[in-house]
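Engineer: Can you keep this structure in mind? I'll have questions shortly.
The values are calculated or read from the model by the stated rules, or taken from the named source; none is laboratory data. As the structure is a computational prediction, the values presented were derived from the model and not from experiment. Neighbour counts are summed over all protein chains in view; Cβ atoms, including those assigned to glycine, are modelled from backbone coordinates with ideal geometry.
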Amino acid sequence: MMPLSQGPRLGACSGHRKCNTTSSHFPLTSSTSFHTATVFSSVASSIQVTEEPDTLFQKVSIIVKGHDRAVLDSYELFATMAAKELSITISKVYEPPRDVERLTLLKSVHIFKKHRVQYEMRTHYRCIELSHLTGCTAQVYLEYIQRNLPEGVAMEVTKTAIEKVPDHILEPTWKDHPIDDKPSQ
Amino acid sequence: MAVSLGSTGSVRLLSALARSGSLCSSPGVRGLHVTAVCCKNRAARTQVGKGDKPLTYEQALPPHYIGHRKGWLSQHTGNLKGEEGAAERTVEDTFIRRFMFGTFHGCLANEIVIKRRGNVLVVCALLLQKHSPQKFYFLIGYSESLLSYFYKCPVKLEIQTLQDKVVYKYI
C-alpha cells in the first residue's frame, strides 16, 4: 500500500512552463490587467520492451480521501471515464462512510472552563476497485490518475498480484513419499 | 466586561427567579440578564458597524460556513485522517501569507489561496492594479524564486488583477 499525499519533497520537478498573457488596451498607462497561469508539462517517457513476463493484478483498489465530497465526486467521474477509455474492468465504485474527528477545546485563554468550542475535521472517502489488469496498464493508469489528483485529496493504492503457484507445492508431498501407517496401540 | 455580581450560576438563579417572579407579578425582583465573557463566538467575524465598512465575501461570512458557503483558503492533505504533516503545512502557510502581504503591500484584494499539488506549491492571489505590470512581474518572479529556495520545492504564483476590491456588503 503506497500512500500518496502532498508535501515539499526534495527532487527534480517535471519541466513546467509559465504562460503570461498581458492584454493592454492603452500600453502607456499603468493600470493594465494581466493574469498568470501555470502549465504543467511533462517529458514523455520512452517505451521499453522487456522479455520478462508482466505482473498480473487480480485487484487494484484506489481509495481517495478528501475534505470536500463534490471534489471526490468529480474525481470519481474522471477516474471511471479514464478507466473506460483504457478498457479496464471496474468491479466496484462505492463510498465508504465518512470519518469526523472532533476536538472540544477551551474557548478562553485563561479560565472559563464551562465555555468550550468544538471543531471538526471531516474526511470523505471514495473507493474504486479495478480487476484483472496487467502491470503495464496499472502503471500507466495510476500515473495518469495521480498526475491529475486535485489539491487537498490523498490517495491510497492497494494492489493484489497474482503469482504462479511454486512447483514444489503443486503436487501434495504424500504422493511421492508414502507414509507407512503403524496401528496405534 | 466580566459579571460584577459573581459567578454565572448565581446570575442564572437570579434571572430564573425574576422570570417566575414576573409570572406571579410580585414586586421587588427585577430580571438581570448578563452573559459571561466567553459565551459569544467572535472568531473571524467582523462586528456590525455603522454601514460604511466594505466587506469582501470572504470577510463577511463567519467560519461555520466553511464547506457550505465558503471554500478553503489552504488546501493540503495534512488534515485528512491518517495523514501527517498538518502542523508543518500550517506554519508554511502562515509564513507565505505574511510574505505575500509584505511583498505586495496594499495590492492584495482578497485572502491568498494556497494549494499543494504533488511537489508544487501554488499560491493564488488577486491583486489591485496599483503599479505597472513590469513592477508586478518583478515582484512575482522575486517571490517565486525566494519561496522556492526557501521551501525547496517549485513555487508558482497565479495572479489575477482587478481594478478595485469586490465588495459583498457594507457593515
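Engineer: Taking the condition of a type in the set (A, V, I, L, M, F, W, C), under 30 Å from B:Gly141 (Cα atoms) and touching a helix residue (DSSP H, G or I) at 6+ places or on another chain (Cβ under 6 Å), does A:Phe34 pass? Lay out the reasoning, then the answer.
Structural biologist: On the way: of a type in the set (A, V, I, L, M, F, W, C): yes; under 30 Å from B:Gly141 (Cα atoms): yes; touching a helix residue (DSSP H, G or I) at 6+ places or on another chain (Cβ under 6 Å): yes.
The answer is yes for A:Phe34.
Each row is one residue, and each column tells you yes or no for (1) in contact with a Gly (Cβ under 6 Å, 6 or more places away or on another chain); (2) farther than 30 Å from B:His68 by Cβ; (3) in a helix (DSSP H, G or I); (4) modelled with pLDDT of 95 or more.
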| site | (1), (2), (3), (4) |
| --- | --- |
| A:Val71 | no, no, yes, no |
| A:Ile90 | no, yes, no, no |
| A:Lys114 | no, no, no, no |
| A:Tyr125 | no, no, no, no |
| A:Thr137 | no, yes, yes, no |
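Condition check ((1) facing chain A (nearest Cβ under 7 Å); (2) part of a loop (DSSP other than H, G, I, E, B); (3) exposed (fewer than 15 other Cβ atoms within 10 Å of the Cβ)) across all residues:
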{"residue": "B:Glu83", "(1), (2), (3)": "yes, yes, no"}
{"residue": "B:Phe95", "(1), (2), (3)": "no, no, yes"}
{"residue": "B:Gly106", "(1), (2), (3)": "no, yes, yes"}
{"residue": "B:Lys130", "(1), (2), (3)": "no, yes, yes"}
{"residue": "B:Tyr137", "(1), (2), (3)": "no, no, no"}
{"residue": "B:Ile140", "(1), (2), (3)": "yes, no, no"}
{"residue": "B:Leu157", "(1), (2), (3)": "yes, no, no"}
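Engineer: For the list (1) within 12 Å of chain A (Cβ to nearest Cβ); (2) small (Gly, Ala, Ser); (3) part of a helix (DSSP H, G or I), I need the number of the one condition that B:Ala125 fails.
Structural biologist: With respect to (1) within 12 Å of chain A (Cβ to nearest Cβ); (2) small (Gly, Ala, Ser); (3) part of a helix (DSSP H, G or I), B:Ala125 is out only on (3).
Engineer: Could you tell me which of the residues A:Glu163, A:Glu76, A:Glu95 is more than 14 Å from chain B (Cβ to nearest Cβ) and farther than 27 Å from B:Leu80 by Cβ? Reasoning before the result, please.
Structural biologist: On the way: A:Glu76 fails: farther than 27 Å from B:Leu80 by Cβ; A:Glu95 fails: farther than 27 Å from B:Leu80 by Cβ.
Unique residue meeting the criteria: A:Glu163.
Engineer: Which of the residues belonging to the range A:118-160 are without any contact (Cβ under 8 Å) to a residue 60 or more places away in the chain, exposed (fewer than 14 other Cβ atoms within 10 Å of the Cβ) and either within 30 Å of B:Cys39 (Cβ to Cβ) or facing chain B (nearest Cβ under 9 Å) (or both)?
Structural biologist: Matches in the range A:118-160: A:Gln118, A:Tyr119, A:Glu120.
Engineer: Right, here's the next one. Could you give every pair whose Cβ atoms fall below 6 Å, whose first residue belongs to the range A:31-56 and is free of Cβ contacts under 8 Å to residues at least 24 places away in the same chain, and whose second residue is part of a loop (DSSP other than H, G, I, E, B), counting only separations of at least 6 or pairs across chains?
Structural biologist: Matching pairs, first to second residue: A:Ser31/B:Gln129; A:Thr32/A:Ser24.
Engineer: Looking only at the range A:49-69, decide whether some residue is closer than 27 Å to B:Gly78 by Cβ, at pLDDT 90 or above and assigned to a helix (DSSP H, G or I).
Structural biologist: Yes, the conditions are met somewhere in the range A:49-69.
Engineer: If you don't mind, there's one more thing I want to ask. Return the residues of the range A:31-72 that are more than 13 Å from chain B (Cβ to nearest Cβ), surrounded by 14 or more Cβ atoms within 10 Å (Cβ to Cβ) and charged (D, E, K, R); say none if nothing qualifies. Walk me through it before giving the result.
Structural biologist: First, pick out the residues of the range A:31-72 that are more than 13 Å from chain B (Cβ to nearest Cβ): A:43-62.
Still in the running and surrounded by 14 or more Cβ atoms within 10 Å (Cβ to Cβ): A:55-57, A:59-62.
Passing the criteria: only A:Lys59.
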